[in-house]
1. Check 105, 75, 101 and return the single one that is outside any strand (DSSP E or B), within 13 Å of the ligand (Cβ to nearest atom) and buried (at least 17 other Cβ atoms within 10 Å of the Cβ).
2. Hey, among the residues in region 126-145 that are more than 6 Å from the ligand (Cβ to nearest atom) and in a loop (DSSP other than H, G, I, E, B), which one's surrounded by the most Cβ atoms within 10 Å (Cβ to Cβ)?
3. If you go through region 78-98, how many residues are in contact with a strand residue (DSSP E or B) (Cβ under 8 Å, 6 or more places away or on another chain) and part of a loop (DSSP other than H, G, I, E, B)?
4. Hey, any hits in region 148-160 for a residue that's at positive phi, more than 16 Å from the ligand (Cβ to nearest atom) and surrounded by fewer than 17 Cβ atoms within 10 Å (Cβ to Cβ)?
5. Somewhere in region 7-22, is a residue within 14 Å of the ligand (Cβ to nearest atom), buried (at least 18 other Cβ atoms within 10 Å of the Cβ) and closer than 25 Å to residue 131 by Cα?
6. Since residue 40 meets every condition but one in (1) modelled with pLDDT under 95; (2) within 16 Å of the ligand (Cβ to nearest atom); (3) over 16 Å from the mean Cα position of the chain (by Cα), which condition does it not meet?
7. Would you pick out the residues in region 114-125 that are in a strand (DSSP E or B) and away from the ligand (no atom under 16 Å from the Cβ)?
8. Within the bounds of region 10-33, is there any residue that is under 18 Å from residue 136 (Cβ atoms), free of Cβ contacts under 8 Å to residues at least 12 places away in the same chain, within 16 Å of the chain's Cα centre (by Cα) and not in a strand (DSSP E or B)?
Ligand SMILES: CC(C)(COP(=O)(O)OP(=O)(O)OC[C@H]1O[C@@H](n2cnc3c(N)ncnc32)[C@H](O)[C@@H]1OP(=O)(O)O)[C@@H](O)C(=O)NCCC(=O)NCCS
C-alpha cells in the first residue's frame, strides 16, 4: 500500500513517500525519458533510493511527495526551501513515462504551488527546465509562472549542451 494521503486533488493525490516506494523510484529515476531531464548521471539502485527516502523524511525544510492516481504511484514532486529568509522555494517533478501526457503533472504541480503559498507561506516559487522540455515549461506557464531567464549551454546531456530556463512565480502574481 502507498503512503498516507497528504493532498487530495481531482485526478491526482499526493502521498507520503514510504520505504516500499523505493522500487518504483528506482524504476522512474533510471528511465532515460526521466533522467535526461533531471540531470541524473549515475545509476540509482535500491539502496540509493532508500537513502533518498530516509533523507526526504528527515528533512524538515523540504516537501517530497509521491504523485498517485488513487493508490498507484506515478511520480514524485518536491518543494525545496532554497532560502528561508527570502521565502524562496524550488519545485521539481517527474512522472514515470507510462503516465506522461494525461494532465497529471499539471494537476500535481498546481497542488504543490497552492501548498507552497497557502500553507508554507512562500513568497516566490521557481522551477528549472531544459529549454527544449516543452512539457515541463508548459506546466509552469499554465500556473502563471513567468520565464525569468535562460542560461546558455548550461547542461551537457545526450551529446550536446542545452540551455536551461528558469520560471518564477511571486505570491502576488498567482492566477
Ligand atoms: C514534465 C512532466 C512532469 C509533465 O507532466 P505530464 O503529466 O506529462 O504533463 P501534462 O500531461 O500535465 O501536460 C503538460 C503540458 O505539456 C504538454 N506536453 C506533454 N508532453 C509533451 C511533449 N512531449 N511535447 C510537448 N508538449 C508536451 C501537454 O500538451 C500539456 O500542455 P497543454 O495543457 O497546453 O496541452 C513529465 O512529462 C515528466 O515527468 N517528464 C520527465 C521529467 C521532467 O522533465 N521533469 C521536469 C524537469 S524540470
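The values are calculated or read from the model by the stated rules, or taken from the named source; none is laboratory data. Model, not experiment: these values are computed from the prediction. We place every Cβ from the backbone using ideal geometry, glycine too, and count neighbours over all the protein chains shown.
1. Values: 75 fails: outside any strand (DSSP E or B); 101 fails: buried (at least 17 other Cβ atoms within 10 Å of the Cβ).
When all the criteria are applied, what remains is 105.
2. So the residue we want is 145.
3. Adding up the residues that qualify gives 3.
4. Checked against the condition, which is being at positive phi, more than 16 Å from the ligand (Cβ to nearest atom) and surrounded by fewer than 17 Cβ atoms within 10 Å (Cβ to Cβ), region 148-160 yields at least one hit.
5. So far as region 7-22 goes, no, none of its residues is within 14 Å of the ligand (Cβ to nearest atom), buried (at least 18 other Cβ atoms within 10 Å of the Cβ) and closer than 25 Å to residue 131 by Cα.
6. Answer for residue 40: the failing condition is (3).
7. Step one: list which residues in region 114-125 are in a strand (DSSP E or B), which gives 124-125.
Passing the criteria: only 124.
8. Within region 10-33, not a single residue is under 18 Å from residue 136 (Cβ atoms), free of Cβ contacts under 8 Å to residues at least 12 places away in the same chain, within 16 Å of the chain's Cα centre (by Cα) and not in a strand (DSSP E or B).
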